[in-house]
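Below is one structure, written out as structure tokens; comments come after it.
The values are calculated or read from the model by the stated rules, or taken from the named source; none is laboratory data. None of the values given here were measured: they were computed from a predicted structure. Positions of Cβ are backbone-derived with ideal geometry, glycine not excepted, and every protein chain shown enters the neighbour counts. The protein model used for the area step is the full one, side chains on, heavy atoms only, and it has no ligands, DNA or RNA in it. Shrake-Rupley method; radii C 1.70, N 1.55, O 1.52, S 1.80 Å.
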Amino acid sequence: LKLAGEIADGVLLTVGADPRYIRAALGAVEEGARAAGRPPGTVRVAVRVPCSVSDEPDARRHVRSHVALAVLPTRPFPFDEEDRPAVERIRQVYDYQRHLALDATHANLVSDGLVDKFALAGPPEECVERVRAIADCGIEELNIVLMSPTPERLLRTFASRVMARL
């Protein structure tokens, strides 16, 4: 992220949907920009998050494997204390051959709390507030990964029941 701040025109953040995580990543980008003598705001920043916005009770199920993948690399922020045991266990059992399988062991270790920090999933009304919180970090571009057996329906729901309310 620092290197992106130093030399890139843009960066696609894959640090989750939690504003604390986004701000930490933005800080690293800005630190790199300052070190290179670039003015603040030089680097265009988008946030990429898995998305399963739906009224279905198990909407979070569709993003759990993706969230497990998201916690594998080192991050520019510490994980919350309550998440650390699950993150360590996910790192131990992650099965790359079952990468995004809904029933993978690593997916079953992802709590709702981790889903909320690393994805936009659940009822549209809840996701509206979470998208607002991302925008409040200064993010103007959101890149959603459609995690659903019906991606067209998910996209229509996101557009009509989340984006339309912003």
Q. Rounded if a/c is under 1.5, else prolate if a/b beats b/c, else oblate: with a ≥ b ≥ c from the C-alpha gyration tensor eigenvalues square-rooted, which is the range 88-166?
A. prolate
Q: Compute the acute angle (0 to 90°) between the alpha-carbon long axis of helix 19-35 and the principal axis of greatest extent of the alpha-carbon atoms of the chain; round to the nearest 10°.
A: 30 degrees
Q. Got a number for carbon plus sulfur as a percent of the range 57-108's accessible area, 1.4 Å probe?
A. 50 percent
Q: Using the heavy atoms of the protein chains and a 1.4 angstrom probe, tell me the accessible area per residue for the chain in square angstrom.
A: 52 Å²
Q: Apply 1/(1 + (r/R0)^6) to the Cβ-Cβ distance of L166 and D55, taking R0 = 25 Å, and write down the FRET efficiency to the nearest 0.05.
A: 0.85
Q | From the coordinates shown, semi-axes √(5λ) of the Cα gyration tensor in Å corresponds to which of (1) 28, 26, 14; (2) 27, 21, 13; (3) 56, 18, 12 | A | (2)
Q: Could I have the simple spin-label model distance between E140 and D95, label points 7 Å from Cα toward Cβ, reported in nm to one decimal?
A: 4.5 nm
Q. Under 5 Å between amide H atoms, partner at least 5 residues away or on a different chain: which partners does V145 have, H built in plane at 1.01 Å?
A. V49, C51
